[in-house]
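The values are calculated or read from the model by the stated rules, or taken from the named source; none is laboratory data. Note that the coordinates shown come from a computational prediction; the quantities given were computed from them, not determined experimentally. Positions of Cβ are backbone-derived with ideal geometry, glycine not excepted, and every protein chain shown enters the neighbour counts.
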Amino acid sequence: MVMAQKLLRETPAQPGTRFDVLGFLTAASGSAILLYSISAVSSGSDMLWNSICFMLGIILLSTFALIELSKARRGQQPLLDLRRFRDRAFGFSVLALVFVAFIRFGILFLIPIYLQNLHQQSAFQAGLIQAAQALSTLAILPIGGRLTDKLGPRPVVLAGLILMTVSALLMVTLALDTAIWLIMGILLLLGAANALVQQIPVAAMSRIKNEEHKEIANGSTLVTVLHATAAPMGVAILASVVQVRSQHYLTSLGLQGLTGKLLQHQSTLLGMHESFLIAASLAVVAFIVMCFVPGNKKRIRQQSEQPEQAVVAEELAI
C-alpha cells in the first residue's frame, strides 16, 4: 500500500463510462462453464452433459465477442476492446502467450505431484528442488530484456520456446528413480525458457505508439485477461490427460503383472509423460505462431520504456 501510494500516478476519470454488465456476465459464465466441462471430462461420467456444457461455454464466449464488437462499433466503451486483434503483432503474440500459459501452469501443477507422490520427496524438499526453476528465471530475465532491446522480442521469444520444447521433451524421460540433479537440471532449463518467453507481451505491444495511451491500456488488459484465463485451462487439460491415461495404463500394466503402489505410480508417471508430450507439442505450435509476428527492431527501440515495463510487470505479477 505504501509503495502504491508513492509510485502509482493518478488516472483521470472518464465521465459517462458505464460498466459492461452483459459483457461481464457472458465472459465470466462462459469461461467458468468451459473450464468446468474440460475438467469434468476426466471423470468419464455423463459425457452428454459435459458436451452440452462445453458447447454452452463456447456459445457464451462467442456472444461476449459479438457484444464487445457491437459496442465498439457504436462508440460505446466495451469491457474488452477486441479490435486490438486487428494488429497482426498483437494477435499472434497473444495467441502464442495463450499456448505458453497452457504449458507453464500445466507443468507447474504436475511437477510437485511428480516430486511428492512419485519421487517420494517431502513438500519442503519438493519446494527446494523447484526453487532451481525460479532462480534460473530470476537470473535470465534481465538478460532477456537486454537482448530484446538489441534484437527485438521475436528472436528472444523463439529461443525461449525452443528451450521450453526441449524441457518438456526431457520431462518425458523422467522415471520413478531419476536423480535429483537431473530433475533440477531440467527445471533450470525450463526456468530459462520461462524468462525468455516473458518478452511476449513486449512483442504484443510493440506496434502501439507512445501517445496512444488508451490503446496501451486496452492492450495490456487483453494480455492480462487472456493469460489469466488460459492458465487454469492448461492445468485442467493436462491434469485431465494424466487422470484419463493413467487409468488406461493401470489396466494394461496390471495385465503385465505389476501390482500395488508400483502399479499406481508407474501408471501415473506414464500419464504424465503424455501430458509433457502434449506440452512440447503446444510449444512447437507457439513457436510457429510466433514466427508470424512481424519483426521490426527499429520500431521497438523507439517505443517508450514505460509501456514495456508496465506490461512486463503485469506479466510477472501473474
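The set of residues in the stretch 108-126 being surrounded by 18 or more Cβ atoms within 10 Å (Cβ to Cβ), without any contact (Cβ under 8 Å) to a residue 40 or more places away in the chain and not in a helix (DSSP H, G or I) consists of 121 alone. What are the pairs with Cβ atoms under 8 angstrom where one residue, in the stretch 135-161, is touching a residue at least 24 places away in the same chain (Cβ under 8 Å) and buried (at least 19 other Cβ atoms within 10 Å of the Cβ) and the other, located anywhere, is in a helix (DSSP H, G or I) and of a type in the set (Lys, Arg)? Sequence gap at least six, or different chains. Qualifying pairs under 8 Å: 152/297. When each of 187, 222 is tested for being surrounded by 21 or more Cβ atoms within 10 Å (Cβ to Cβ) and part of a helix (DSSP H, G or I), the lone residue that passes is 187.
Return yes or no: is residue 151 assigned by TED's automatic domain parsing to the domain that holds residue 283, at pLDDT below 90 and either out of contact with any Pro (no Cβ under 8 Å at 6 or more places or on another chain) or more than 20 Å from residue 280 (Cβ to Cβ) (or both)?
Values: assigned by TED's automatic domain parsing to the domain that holds residue 283: yes; at pLDDT below 90: yes; either out of contact with any Pro (no Cβ under 8 Å at 6 or more places or on another chain) or more than 20 Å from residue 280 (Cβ to Cβ) (or both): yes.
Yes.
The single condition among (1) under 30 Å from residue 34 (Cβ atoms); (2) free of Cβ contacts under 8 Å to residues at least 24 places away in the same chain that residue 258 does not meet is (1).
Per the listing 248, 273, the residue uniquely part of a helix (DSSP H, G or I) and free of Cβ contacts under 8 Å to residues at least 24 places away in the same chain is 248.
When 103, 129 are checked against the criterion of being touching a residue at least 60 places away in the same chain (Cβ under 8 Å) and either over 22 Å from residue 226 (Cβ atoms) or of a type in the set (A, V, I, L, M, F, W, C) (or both), a single residue qualifies: 103.
Scan 60, 79, 66, 97 and give me the residue that is at pLDDT below 85 and either surrounded by fewer than 18 Cβ atoms within 10 Å (Cβ to Cβ) or not charged (D, E, K, R) (or both). Going through 60, 79, 66, 97 in turn, just one is at pLDDT below 85 and either surrounded by fewer than 18 Cβ atoms within 10 Å (Cβ to Cβ) or not charged (D, E, K, R) (or both): 79. It is to be established whether one or more residues within the stretch 234-257 are at pLDDT 85 or above and charged (D, E, K, R). Checked against the condition, which is being at pLDDT 85 or above and charged (D, E, K, R), the stretch 234-257 yields at least one hit. The residue of the stretch 163-178 that is surrounded by the fewest Cβ atoms within 10 Å (Cβ to Cβ), among those that are under 16 Å from the mean Cα position of the chain (by Cα) and not polar (S, T, N, Q), is 163.
Considered as a group, the residues in the stretch 32-48 that are touching a Phe, Trp or Tyr at 6+ places or on another chain (Cβ under 9 Å) and closer than 22 Å to residue 66 by Cα include one that is modelled with the lowest pLDDT, and that residue is 34.
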